[in-house]
Every structure is written in structure tokens, then in C-alpha cells.
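Everything below concerns the one structure shown next.
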Amino acid sequence: MASAAPSHSAPPPAVSLRGAVALSGRFPLLAGVDLDVARGEVALVEGPNGAGKTSLLRVCAGLVPVVAGEVSVLGLDPVRKRTALRRRVGLLAHGSHLYDDLTVRENVRFAVRAAGGDTGRIPAACERLGLTSRLLATPAAKLSAGQRRRVALAVLVARSPELWLLDEPHAGLDASARALVYDLVAEASSIGATVVVASHEPELTEALADRAVLVAGGRIVSERPCGRHARPVPATEATDATEATDGAGALPPCPPAGATGGTDEVVVHVA
Amino acid sequence: MWRDAALVAGKDLRIEARSRVALGQVAPFGVVALVLFAFALGPDPVPMRRAAPGLFWVAVLFSTVLAVQRSVSVESADGARDGLRLAGLDPAGLFLGKAAAVTVQLLALEAVLGAGVVVLFGVRVTDPLLVVGSCLLGAVGLAASGTLYGALSAGLRVKETLLPFLLLPVVVPVLLAGTRLWQAGVAGGTPAEGTPWLHLVLAFDAVYVAIGVLAFGPIQESA
């Protein structure tokens, strides 16, 4: 078991799970997860398909209740205080949560207003994600998968939540957008947001992460430190998404274990 | 709550304005149902006029099922329902917004179907206030109950077939009251006879709006 106890003066973690068990019917999604993610930390969640990565994020977002154990997110009970919590949490899920009949602009505006966000941030967020005026006027039904992902990211950026939960954030994105995801995570962390990234492509994020936790069978089976100092190869140097996916230099490799550049205190209890 | 309701209703009505499902598909379906009823009753105008109020409300009920299914399916695509949950919207506001949007669509459908009844069945309205009032109150009750049962069936694989099975039996009071109110408001009817039915549909509306406001959140979370 790897653990590092926080000091008593440290603020409560952004995410705290103690023996968390979540079910889908009788099927266990999480089978006793102990995990603390400190405020401002970037945590990478790795694991094979069906390991429980998405379920872990959905529990953190309050979308899936736990049937045993304790969960606290941003100091709140995700079930009892779900409305208050959800406005402070942003989840980039597999679905983009877009309405096909609405334009990109209408989708972003609705999502930000629904979450109580500042609509004044929308233009800058859309520009950041490369959503041109032509694209903003396009119905979501006509977008590609990658463009839908960009719109979902624009909503997150405009909302600027305290806790970012990113589920396979690079899926469907081209090289430039992948590099942009990297920058967005770095910026979110730099302004004090906590980021939890679940990914099959850890090489795209782990340079930013304080640590990576490996999930298997609904449990956290190991953790390793990562570094936050390396930068990705600029998008212009990556010729296409395939090259980036192949790890041909899109992002630098994670430094060896023990060379962590993270400054936040981390507690991981391996169940 | 009211801000969230207005936001959600505006979103749903904007989607309807773009897709025109209610007016382009559901309303024609209701009109076709009325035409089929007219064929079934034959050319004699007397039974047609007598049956017209009931047939109007049966057509409205069938159209309601389609309108509610559309309202549910809008949230099923691309994880949109999760998006609403994640936004932290007030569940009561969400319910009221969805129900308000369905109410507006039903009122438009009732206008089309009402015109169809007048043209096809030769019905003459003598108390427009009673007829319009029954349509308004009926639409509210149907939208509230439909939104509630739509949410109940939303997470199920058989939602398309389960919704009418759940909804149609519980909206019988609206069918009865609406029919009686129409009978009281058209030629040959007595407006005073509509009063108790007005109370019934008002009570139905109040009960389902209250249940929806209170129960929509837990239903949405468990669906």
C-alpha cells in the first residue's frame, strides 16, 4: 500500500473516497476504492476497458451513487448536495451532451447558463477551442466527433469548474486539439482547479500529472508519481492525429517513478 | 427554480422550432386519426357531432404520447440527460420547463385538431371560453403527467412501448373531463354542466404538477 499522510493544516482533498462501492444492478462498478485527490492536483487514472475509470469519474460527479463507503467531493456529499456540487464540477464524458437541432452557439450558451456559469466567458472559450463563427452557427448534428468534443471542451472552459473530470479527453481529437487539451489541463491546474483524467493514452497527459493511479476490477491497484514540467510538442510539429497517437513525440514521456514534480500532498490508499 | 424552468422550456421549444416534429409529424398524425374516426362513423352527421368531443380528446391523447416521447428522446441522445443532471439544474425547474414546453406544443396541436373537428364533424362551438379553457387545463395535465411518466420510462430499454402503457390509463380523468367540457361548450350542451368537470381537471393538474415538482429529481436520478 502506498500512502503519504497529509499534514493537519492541509485543506480537505478535492476528492475523497473511502471504501467506495458502486453497483450497476448487481454488477460492481467500483469494488472498494480508497482515493484522495488533493486540491489543485492533476491525477491520471489508467486502466483497461471496463476497469472502472469512467465509473470512478461518474461517482465523483455524483452521477452514480455509492452503496457502501464514503465519498466527499469538494467537501460535499455528492448525493445529498448534488445540485450545489454539480455546478462546481465539470465532466467531459463519452457523450458530448449536445442537442443536434441546436447550433453550436446555442448548445454552449445553454450548457453554461444551465450550470450557472458566466456567459461572458463563452466567446473566449469558443475561440480558444477553434470554434469559428461559421462553426458556431452550425447545428450540432452536422459536427464531426472531434468537433463535438471541442464544443464539449468549450463548455468546460467557459464554466471553469473547480474540479475537472475528463474521461478520455483525447478521443476523436486531432493533433492540435490534443495539444490544446494538454494546455487546458495545465491552465486549469495553474489556477487551482483539480483535474482527474481517465485515459487509455496516458502518454498524452502524464507529463502534467502529479501521479497516475491504475484501476483494475473496480479497485485501485497501484499508483506511481509523474512529472508536471514537460511540455508537449507543438501541434504544428505533429502532422496528424495518428502520429500523435503513436506517441511519436506528441508528448514527452513520463519521467521515471520517483522523479515527481508535483508539489501537492497526495494520499492514495490502495484497496 | 423558475429561471431553470424558463431555460429548459426555451431550449425545448427552440429544438421544436428547428425540428418541427410536433407540427410536422404529430399534428398530421392527429388529423389523420380524426379523418379515420370520421370514416368509421359514416356519413350521418348526427353521430359524428355527438362523438366529436370524445374523438377530439382521444386524438389529443394519442398525440400527447408522441409529443412526450419526443421530449424524452431529445434528452436521450448523446448523453444529454446526463448533461442536464451535471448542470445542477433544480429538478423542479427542470420538470416545470419540460412540462411547459410540452404544454405549448399540445396547445398548438389542440388548435389544429380543434379546427379539424369543426371542419370534419361540423361541430359548432357555443361557449368558446369553456372549450378553450378545457384545452388549456387539459394540456397542462397531460403535459405534467406525460413528463413525469416520460422520466420514469426514460432509462428503460422499452421506453417507447412502456410510456403509452403507463400514461394512457392515468390520463382518463382528463379524457372524461375534457370530453364533458367540450360537450358543454358546443351546440346542444349546457355550460353549467361543465363546472364539476372543470374542478376535476383542475385537481388533476394540481396533483400532477405537485407530484412532478416533488418527485422529478429522485426519478431522474434513478432512471
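The values are calculated or read from the model by the stated rules, or taken from the named source; none is laboratory data. A quick note: this is a predicted structure, and the numbers were derived from the prediction, not measured. Quick reminder, even Gly has a Cβ in these numbers, built from the backbone with ideal geometry, and neighbours come from all protein chains shown. The accessibility values were calculated without ligands, DNA or RNA, using every heavy atom of the protein model including side chains. Shrake-Rupley method; radii C 1.70, N 1.55, O 1.52, S 1.80 Å.
As an equivalent ellipsoid, chain B spans semi-axes of 32, 18, 14 angstrom, where each value is the square root of five times an eigenvalue of the C-alpha gyration tensor, largest first.
State, to one decimal in nm², a quarter of the convex hull surface area for the C-alpha atoms of the protein assembly as shown, i.e. the direction-averaged projected area.
Its average projected convex-hull area is 25.4 nm².
Per residue, how much accessible area does the stretch B:2-222 have with a 1.4 Å probe, in Å²?
So the stretch B:2-222 comes to 42 Å² accessible per residue, rounded to a whole number.
Ignoring aspartates and glutamates fewer than eight residues from A:LYS81 along the same chain, the ones with Cα atoms less than 20 angstrom from its Cα are A:ASP36, A:GLU70, A:GLU162, B:ASP4, B:ASP82, B:ASP90, B:GLU221. Our note on the geometry: Cα centres of the stretch A:42-64 and the stretch B:144-223, 40 Å apart. Each chain gives up part of its surface: A and B jointly bury about 2200 Å² of accessible area, both sides summed, for a 1.4 Å probe.
How much of the accessible area of chain B, probe 1.4 Å, is carbon plus sulfur, in whole percent? Reported share for carbon and sulfur atoms: 72 percent.
Quick one: among B:VAL131, B:VAL31, B:VAL207, which has the greatest mean-square fluctuation in a GNM of chain B with alpha-carbon springs under 10 angstrom? Among B:VAL131, B:VAL31, B:VAL207, the largest mean-square fluctuation in the Gaussian network model of chain B belongs to B:VAL207. Along chain B, counting only trypsin sites (Lys or Arg not before Pro) with a DSSP assignment other than H, G, I, E or B and at most 16 other Cβ atoms inside a 10 Å radius, the longest segment between sites is B:21-123.
Of the residues B:LEU130, B:ALA92, B:ALA27, the one whose Cα sits farthest towards the positive end of the charge dipole of chain B is B:ALA27 (charges of +1 on Lys and Arg Cβ, -1 on Asp and Glu Cβ, taken about the Cα centre).
When the Cα positions of B:PHE165, B:GLN183, A:GLY40 are compared along the charge dipole of the protein assembly as shown, B:GLN183 comes out farthest toward the positive end, with charges on each C-beta of Lys, Arg, Asp and Glu. Scalar couplings 3J(HN,Hα) for the stretch A:113-125, obtained by applying the Karplus form with A = 6.51, B = -1.76, C = 1.60 to θ = phi - 60°, are 5, 4, 8, x, x, 8, 5, x, 7, 5, x, 5, 5 Hz; x denotes Gly and Pro.
For the stretch A:98-156, the pair-distance distribution built from all alpha carbon pairs, in bins 10 Å wide starting at 0, is 27, 62, 11 percent. Rounded to the nearest whole Hz, the Karplus-based 3J(HN,Hα) values (6.51 cos²θ - 1.76 cosθ + 1.60, θ = phi - 60°) of the stretch A:204-211 follow the sequence 7, 10, 5, 5, 8, 7, 6, 6, with x at glycine and proline. Each Lys and Arg adds +1 at its Cβ and each Asp and Glu adds -1 at its Cβ; summed about the Cα centre, the protein assembly as shown shows a dipole of about 1080 debye. With 40 Å² as the minimum drop in accessible area between chain alone and full protein complex (1.4 Å probe), the qualifying residues in the stretch B:57-94 are B:ASP78, B:ASP82, B:ARG85, B:LEU86, B:ALA87, B:GLY88. Taken about its Cα centre, the stretch A:53-93 carries a charge dipole of about 200 debye when Lys and Arg each add +1 at the Cβ and Asp and Glu each add -1 at the Cβ. Taking Cα centre as origin and charging only the Cβ of basic (Lys, Arg, +1) and acidic (Asp, Glu, -1) residues, the dipole magnitude of the stretch A:98-156 rounds to 160 debye.
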